[in-house]
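Data first, discussion second: the structure below is written as structure tokens.
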Amino acid sequence: MGLPKAYVAGDYEADIYALWEKSGVFIADPSSSKPHFSIAMPPPNETSTLHLGGALFITLQDILIRHARQVGYDALWLPGTDHAAIATNSVVERQLAEQGTNKHELGREAFVAKVKEFADRNRGTMLKQMRAMGASADWSRLRYTLDEALNRCVNEVFIKMYQDGLIYRGHRIVNWDPNLETTVSDDEVIYKEEESPLYTLQYGPFKISTARPETKFGDKYVVMHPGDKRYAQYKTGDTFECEWINGPVTATIIKDEAVDPAFGTGVMTITPWHDRTDFEIAERHGLEKEQIIDFDGKLLAIAGEFEAIKIDEARPKIVEKLRQKNLLVSIDKTYTHNIALNSRGKGVIEPQIKLQWFIDVNRPAVDWKGQKRSLKEVMRAVIEDGDIKIVPKRFEKIYYHWIDNLRDWCISRQIWWGHQIPVWYRQESVHSPQSAVHSKDSVYVGVRPPQEEGWQQDPDTLDTWFSSALWTWSTLVDPELTKDFSLSLDDLLAKSIDYQTYHPTDVLETAYEILFFWVARMILATTYVTGRVPFKTVYLHGLVRTETGKKMSKSDPDSIVDPVGVINEYGTDALRLALIAGTSPGTDQRVRKSKIVANRNFVNKLWNIARYIDDLRVRPLEGEENNIGRRSLRVVPLGHNRGSVMPKSVADHWILNKLSIAARAVSEDLDNFRFSEAYDALYHFVWDDFADWYVEVSKTTPNREVLAFVLKSTLKIAHPFAPFVTETIWQSFDPFDKTQPSINTKAALNSSNGQDRPEQGRMGDSAQDKNLFQGLALEKESLLASQLWPKFQKVDLAKVSQFKELQEIITQSRQIAANVGVTKPALFYKAAPLIDENKELVKSLGRLSQVKEAKAAKGLRLTGTKYAAWLDIDRETAQAYLGRLKTSQKAREAAIKLLQKRLSNKSYTQKAPKELVKQTKTQLVEEQQLLEAIKHEIAAFQTAVKNI
RNA sequence: GGGCGAUUAGCUCAGUUGGCUAGAGCACCUGAUUUACACUCAGGGUGUCGGGGGUUCAAGUCCCUCAUCGCCCACCA
């Protein structure tokens with residue numbers, strides 16, 4: 001017995017991973033003659049640690065990739081990390097604040113160096129943890145969103161879009177975060193409901209309401225709905241004088257449909273600089289706009305005595321002043337409204353007008369299928385035309401809705417960590433024809449800085465999602481080529497072998513949360529640049545929630561289940577399986593400890609099947625001749641992909657049939673992204689069919705070759721789901737080779753009683769000096785990870801049915817015995833060659849004292865089989881069973897009635913598929929036979945009872 | 001205001017293009033068992049598939065409607 005009793009994942013995982021990585025089995029080969037398959041891994045924040053969501057996406061993608069390799073693809077899973085501009089930037093800014101300084105004092109260069117240092121220091125944890133999850137990614141192609149090569153791509157795309165008029169610079173209202181001192185895109189703004197007082201103020205003849213009196217200093221336009229009869233006497237352009245916060249103002253009447261007559265008095269004043277709706281009204285009517293609040297969140301000179309006061313402090317003071325001036329009409333304290341927050345850092349967003357860079361989503365400047373279309377139109381078309389399929393489909397609707405509401409994308413950020421905008425400015429003196437001299441900003445846009453003196457680069461960086469949007473292809477561009485500035489973007493793509501081989505990628509798997517942030521933007525950028533879609537299928541997974549259904553959040557550390565902790569306690573395979581069991585695409589799931597335990601048990605079940613077979617290789621069974629030494633079990637070299645085996649017994653035929661069905665089902669389910677169903681098929685094959693039936697059968701009539709073959713095949717189909725335990729078993733022994741001892745002696749010693757285990761969770765650490773498997777050759781071919789998927793086995797279906805008949809006899813024997821409280825009864829049979837041939841098997845599995853041919857009926861007749869078989873139980877003892885028989889009779893009768901009704905329905909026999917009708921007929925016959933048997937048995941019972 | 005999802009066993013959830021008597025894990029009950037595994041085995045489920053209506057030979061599945069919970073988007077003076 002070489003293997004320890006229970007599989008202790010921590011003893012093997014690091015070594016197994018090292019084995020894979022060293023062998024190069026994860027490295028894709030564009031020159032391979034195999035068909036290619038690729039997935040671009042969503043790059044996680046390089047300085048963060050793995051959370052359950054990350055564990056989930058790695059599991060799903062790893063399953064797809066491993067399965068693809070096994071069914072014969074050259075598969076590339078390209079990993080990478082993200083520079084997470086705002087997140088990383090703000091961590092370092094916070095550190096600086098703690099040290100009493102800030103980035104402005106430090107200066108740009110020093111600040112960026114500091115962020116880089118922070119990133120360098122914290123990089124690696126994530127990569128290590130992804131390996132711990134078993135990710136079979138091609139680390140030789142690891143990319144980072146701030147790589148030089150990716151920067152080249154980012155700049156090229158920016159320039160291309162600029163030249164096509166898709167990128168422009170303009171004064172627009174943007175979401176300004178005064179805390180992080182940057183703009184953020186519309187998608188990064190979240191809204192939180194908050195109760196705050198609503199002040200109603202007297203503004204000339206009107207009453208207006210506001211929750212933000214501090215923005216009202218400059219208000220000089222009064223707006224109402226054109227159809228509002230109450231204000232019919234006023235016309236657009238009418239003016240009046242009135243007393244306001246800091247003295248008299250001249251107000252102008254504006255009529256605009258944006259005003260809701262039902263809200264308050266139906267009249268409002270506008271603050272175009274700090275409100276999007278107001279801005280739009282002002283744009284429509286050509287009104288003046290004035291800044292009230294500066295970019296630090298303090299009031300400007302227009303606020304008079306309130307200048308330079310933070311808005312929160314200023315508000316009560318302003319309200320007090322309004323009260324004193326008798327301009328405050330009323331306060332509604334129960335008013336709730338949504339305040340805008342930055343999703344990162346939760347700072348309150350202040351709308352501001354700012355000169356920023358935007359992507360125009362409505363300009364028809366994209367060549368798509370022979371037409372000039374806008375980015376919006378292309379984004380819609382690729383889904384509508386089926387170029388990209390979204391799984392689950394319901395997200396297509398959500399996606400369309402997002403596109404329809406999409407505004408121009410603000411891509412410039414005022415943070416320093418990221419891709420700096422490739423634009424330079426220079427103040428130039430210009431002599432106009434009238435010979436007046438004035439200065440003008442010249443603009444230079446290019447991959448490299450202009451050669452002449454005096455140019456200043458735009459200080460802003462690009463939204464992180466701008467570089468992420470290029471991810472599927474920028475990672476496939478050959479980094480060497482990007483150093484050659486004579487090449488155009490098209491050249492770079494044309495000459496990059498990886499790009500030519502692996503793009504478009506096959507699947508993009510990610511969380512539904514980032515459908516807009518990332519998926520949509522990859523579609524936007526990639527269709528525009530390459531003229532092709534970035535991926536063919538989008539699979540979206542749901543959130544992993546806590547046991548109580550809450551979202552795990554950093555602000556509530558107790559809510560977080562740490563995947564690394566789970567790996568250390570239960571093993572990676574258990575975690576992976578728990579994350580896919582009973583889930584469905586796009587739906588949130590809860591993770592509970594019991595679920596992880598259940599899946600750890602499955603992993604252990606695989607382990608023990610292997611242990612049993614390992615043991616059986618070299619040990620004769622009771623009653624078996626001790627001639628194993630002479631028997632020439634064919635020695636098959638490790639990793640040899642033997643495609644088939646010879647079945648002998650009915651059980652052999654049955655298990656090979658089950659195996660084939662399971663292998664096919666798992667594969668088909670995975671092809672269709674039905675992860676949970678695939679695992680379900682695997683689980684029940686392994687546990688119910690292989691362990692509980694075939695292994696048990698093998699204890700009386702072993703066929704070592706079939707056992708070994710089924711084990712090897714099982715390891716293959718289980719491998720994508722539970723890569724570590726399956727590879728560990730694969731490497732531990734060759735089930736065909738009785739001469740080779742199990743090699744896990746060290747692990748066996750370590751974990752024989754669960755004590756003195758080596759330190760766990762050391763994945764990737766150099767502390768592990770000796771690999772358990774170091775004696776093995778490291779050829780790729782010897783790894784389970786590079787084995788091909790099992791082929792369908794042809795078997796004799798008649799023999800399969802015979803085994804099912806035996807199962808029925810065995811199951812019924814157990815049921816009756818348990819039901820009447822008898823242990824180990826005898827079974828008699830008459831004229832039943834099948835039972836006769838499998839006496840020992842039926843006896844052992846049926847928990848019977850003996851199985852014997854009888855001359856006449858004796859005891860209790862089994863009803864579920866066509867064979868004449870009786871359990872040796874007297875009818876008095878079996879009284880309890882009578883009730884069961886009667887229940888069964890009723891069920892049969894009900895079923896028969898239903899089937900007859902169905903068959904007598906002409907529209908059913910005419911309209912339903914022929915096969916189904918045929919099936920129904922067969923079923924009716926079977927039910928009728930069964931009913932007859934039951935009736936006979938009940939009659940026999942009644943006779944017996946009478947005779948007592 | 002617009003949209004999406006969920007509602008199935010005590011709990012957590014599967015259930016594909018409608019098609020056998022609706023399933024799994026956990027929990028629970030009864031029993032077994034010193035060598036593959038107590039991380040085990042055998043046996044045990046009386047569910048109005050949220051309510052109502054409709055389409056169909058056939059509905060957990062499709063359509064309408066109502067209810068409850070959750071999410072997304074937009075508006076919020």
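If you check A:I58, A:I86, A:I39, which single one turns out to be among the β-branched types (V, I, T), more than 16 Å from RNA strand B (Cβ to nearest atom) and over 30 Å from A:P557 (Cα atoms)? Only one candidate passes the filter, namely A:I39. If only residues of region A:240-268 that are in a strand (DSSP E or B) and near RNA strand B (Cβ under 7 Å from one of its atoms) are counted, the one that is most open to solvent (accessible area, probe 1.4 Å) is A:M268.
I'd like the full set of residues that are hydrophobic (A, V, I, L, M, F, W, C), under 39 Å from the mean Cα position of the chain (by Cα) and surrounded by fewer than 18 Cβ atoms within 10 Å (Cβ to Cβ), limited to region A:787-812.
As a first pass, look at region A:787-812 and keep what is hydrophobic (A, V, I, L, M, F, W, C): A:788-789, A:792, A:795, A:797-798, A:800, A:803, A:806, A:809-810.
Next cut, under 39 Å from the mean Cα position of the chain (by Cα) only: A:788-789, A:792, A:795.
Across region A:787-812, the qualifying residues are A:L788, A:F792.
Here A:D836 clears all of (1) within 16 Å of RNA strand B (Cβ to nearest atom); (2) part of a helix (DSSP H, G or I) except the condition numbered (1). Residues of region A:205-221 that are open to solvent by less than 30 Å² (accessible area, probe 1.4 Å) and either touching a helix residue (DSSP H, G or I) at 6+ places or on another chain (Cβ under 9 Å) or outside any strand (DSSP E or B) (or both): A:F206, A:A211, A:P213, A:E214, A:T215, A:K216, A:F217, A:G218, A:D219, A:Y221.
All conditions in (1) open to solvent by less than 30 Å² (accessible area, probe 1.4 Å); (2) assigned to a helix (DSSP H, G or I); (3) modelled with pLDDT of 95 or more hold for A:L76, with the sole exception of (2). Being closer than 18 Å to A:I567 by Cβ and of a type in the set (F, W, Y) is the filter; apply it to region A:6-36 and report the residue that is farthest from RNA strand B (Cβ to nearest atom). Per the criteria, the residue is A:W20.
In the set A:R94, A:R143, only one residue is within 22 Å of the chain's Cα centre (by Cα) and of a type in the set (D, E, K, R); that residue is A:R143. When region A:384-408 is limited to residues that are of a type in the set (V, I, T) and either assigned to a helix (DSSP H, G or I) or without any contact (Cβ under 8 Å) to a residue 60 or more places away in the chain (or both), the one that is nearest to RNA strand B (Cβ to nearest atom) turns out to be A:I398. Checked against (1) under 24 Å from A:E93 (Cβ atoms); (2) free of Cβ contacts under 8 Å to residues at least 12 places away in the same chain, A:R373 passes all but condition (1).
Scanning region A:349-383 for residues that are assigned to a strand (DSSP E or B), surrounded by 17 or more Cβ atoms within 10 Å (Cβ to Cβ) and either hydroxyl-bearing (S, T, Y) or in contact with a helix residue (DSSP H, G or I) (Cβ under 9 Å, 6 or more places away or on another chain) (or both) yields A:E350, A:P351, A:Q352, A:I353, A:W357, A:I359, A:V366, A:W368, A:R373.
Taken together, the criteria exclude A:A869 from residues that are surrounded by fewer than 18 Cβ atoms within 10 Å (Cβ to Cβ), away from RNA strand B (no atom under 15 Å from the Cβ) and under 24 Å from A:L931 (Cβ atoms). Say whether the condition of being in contact (Cβ under 8 Å) with a residue 24 or more places away in the chain, closer than 21 Å to A:D62 by Cβ and either away from RNA strand B (no atom under 14 Å from the Cβ) or crowded, with 23+ Cβ neighbours inside 10 Å (or both) is met by at least one residue in region A:587-594. Within region A:587-594, none of the residues are in contact (Cβ under 8 Å) with a residue 24 or more places away in the chain, closer than 21 Å to A:D62 by Cβ and either away from RNA strand B (no atom under 14 Å from the Cβ) or crowded, with 23+ Cβ neighbours inside 10 Å (or both).
Do the conditions hold for A:I63, that is, is it within 16 Å of RNA strand B (Cβ to nearest atom) and in a helix (DSSP H, G or I)?
Numbers: within 16 Å of RNA strand B (Cβ to nearest atom): yes; in a helix (DSSP H, G or I): yes.
Here the answer is yes, as A:I63 does meet what is asked.
Would you call A:T943 away from RNA strand B (no atom under 16 Å from the Cβ) and exposed (fewer than 13 other Cβ atoms within 10 Å of the Cβ)? Criteria met by A:T943. Here's a check for you: in region A:889-914, which residue that is surrounded by 11 or more Cβ atoms within 10 Å (Cβ to Cβ) and polar (S, T, N, Q) is nearest to the chain's Cα centre (by Cα)? Applying the filter and picking the extreme gives A:T909. Close contacts from region A:216-238, counting a first residue that is more than 30 Å from A:G304 (Cβ to Cβ) and a second that is open to solvent by 40 Å² or more (accessible area, probe 1.4 Å) and among the acidic types (D, E), with Cβ to Cβ under 9 Å and a gap of 6+ residues or different chains, come to A:H225/A:E257; A:H225/A:D260; A:P226/A:E257; A:G227/A:E257.
Would you be able to say whether some residue in region A:452-474 is part of a loop (DSSP other than H, G, I, E, B), polar (S, T, N, Q) and away from RNA strand B (no atom under 16 Å from the Cβ)? Among the residues of region A:452-474, not one is part of a loop (DSSP other than H, G, I, E, B), polar (S, T, N, Q) and away from RNA strand B (no atom under 16 Å from the Cβ), which makes the answer no. Among the numbered criteria (1) buried (at least 18 other Cβ atoms within 10 Å of the Cβ); (2) in a helix (DSSP H, G or I), which single criterion is violated by A:K317? In the conditions (1) buried (at least 18 other Cβ atoms within 10 Å of the Cβ); (2) in a helix (DSSP H, G or I), A:K317 misses (1) alone. Annotation: A:I403 fulfils all but one of (1) touching a helix residue (DSSP H, G or I) at 6+ places or on another chain (Cβ under 9 Å); (2) crowded, with 16+ Cβ neighbours inside 10 Å; (3) within 30 Å of A:T215 (Cβ to Cβ); the unmet one is (3).
When the residues of region A:688-708 are filtered to those that are hydrophobic (A, V, I, L, M, F, W, C) and farther than 19 Å from A:W607 by Cβ, the one that is surrounded by the most Cβ atoms within 10 Å (Cβ to Cβ) is A:V697. Within region A:152-204, take every residue that is open to solvent by 20 Å² or more (accessible area, probe 1.4 Å) and of a type in the set (F, W, Y) and give me the one that is nearest to RNA strand B (Cβ to nearest atom). The selected residue is A:Y191. Restricting region A:23-60 to residues that are assigned to a helix (DSSP H, G or I) and among the polar types (S, T, N, Q) leaves a set whose member that is surrounded by the most Cβ atoms within 10 Å (Cβ to Cβ) is A:T59. In region A:317-344, the residues that are under 30 Å from A:V91 (Cα atoms) and within 11 Å of RNA strand B (Cβ to nearest atom) reach residues that are open to solvent by less than 30 Å² (accessible area, probe 1.4 Å) and acidic (D, E) with C-beta atoms within less than 9 angstrom, at least six apart or across chains, in these pairs: A:A340/A:E350; A:L341/A:D177; A:S343/A:E188. Among the residues of region A:557-583, those identified as open to solvent by 60 Å² or more (accessible area, probe 1.4 Å) and within 14 Å of RNA strand B (Cβ to nearest atom) are A:E569, A:G582.
The values are calculated or read from the model by the stated rules, or taken from the named source; none is laboratory data. Here the structure is a predicted model, which means the values were calculated and not measured. A quick note on method: Cβ atoms are made from the backbone with ideal geometry, for glycine too, and the neighbour counts reach across all protein chains shown. Calculation scope for accessible area: heavy atoms of the full protein, side chains included, ligands and nucleic acids excluded. Shrake-Rupley method; radii C 1.70, N 1.55, O 1.52, S 1.80 Å.
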